[in-house]
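I have placed the structure first, in the form of structure tokens, so that the comments after it can refer back to it.
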Amino acid sequence: MSKNQVVAAAVAQIDEKGLAAFSLRELARNLGVSPAVIYWHVGGAKEDLFAEISASITGTLSDTLDADMPWDDRLRQVFLNYRKLVHRHPAVAPLLGAQMKSNGVANLDWVETILSALHDGGYRGDALRPAFNVLVGGLAGFVTMELAPPPVSKPGSEGETWQDLFAKRVAQTDPELYPLTAAALPDISNRIFVLRWQNGAVNPYNDSFELLLDLLVEGLKARAPAQPF
């Protein structure tokens, strides 16, 4: 038994049943050990395990980065890598972006990679903090929203699920009250935040994520503080 085995088994359980249904006792049963063994490997609380799960994704983001790449290209690549890895385990997405349980020193590899690129771009001192928060909040937050878990929906009395009813309501948007929304429905229905009944694991938002990435990186380049020679 190793920490990597514990983390991999926890991710597999979340993949299968979702984060809300995660059970440490069930994880221990699946591994054939007591919960104390899991705590011994990952720390003394469930939060420590969640931090290690987060780090199992963020800890590999810089593996394929070329240190000689321009700083803005490194930022683009690390966040493209991030989204690709999270899409492999969409049920883990809420843990990564929406819960502080996933924070911790286990994620320092990712922090160091982003800070290093920003430093090379001229962001130092007080300018470094907001630049970091904009990138992580905007891009990791986007992926968390993109992969937000849909509600568990069982067919009602007429055999319609929540998804069926939601799709029907969207299709019935009144063009007199919401003319722009009604006209855009063929392009946006179930393909934008708010007006959707499936998440990005089914309908990925590739072009939207890449647009946000470009806007943030190009904006940071344009606003980079001038550095003395």
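Key figures
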| quantity | calculated |
| --- | --- |
| Residue-averaged 222 nm ellipticity for the chain, from DSSP H runs of 4+ at -39500 (n - 2.57), nearest 500 | -17500 deg cm²/dmol |
| Spatial extent of region 120-202: Rg and Dmax, with the Cα atoms as the point set, Å | 18.9, 61 |
| Of Tyr178, Tyr123, Tyr39, the one that fluctuates the most in a GNM where the chain has Cα springs shorter than 10 Å | Tyr178 |
| Using alpha carbons only: equivalent-ellipsoid semi-axes of region 155-229, gyration tensor based, whole Å | 39, 16, 8 |
| Candidates Ala45, Ala183, Ala127: whichever shows maximal mean-square fluctuation once the chain is modelled as a Gaussian network with Cα springs under 10 Å | Ala183 |
| Solvent exposure of the chain as accessible area per residue, Å², 1.4 Å probe | 57 |
| Most mobile listed residue (Gly141, Gly44, Gly200) in the chain, GNM with C-alpha springs under 10 Å | Gly44 |
| Rg/Rg_ref, region 1-81, where Rg_ref = 2.2 N^0.38 Å and atoms are Cα | 1.35 |
| Inter-part distance where region 18-80 and region 142-204 are each reduced to a Cα centre, Å | 31 |
| Dipole in debye (nearest 20) - the chain, about Cα centre, beta carbon charges: Lys, Arg +1; Asp, Glu -1 | 580 |
| Cα convex hull of the chain, projected area averaged across orientations, nm² | 16.8 |
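The values are calculated or read from the model by the stated rules, or taken from the named source; none is laboratory data. Just so we're clear, the structure is a prediction, and the values are computed from it rather than from any experiment. All Cβ positions, glycine included, derive from the backbone under ideal geometry; neighbour counts span all protein chains shown. When the accessible area is computed, the model is the full protein with side chains, heavy atoms only, and any ligands, DNA or RNA have been set aside. Shrake-Rupley method; radii C 1.70, N 1.55, O 1.52, S 1.80 Å.
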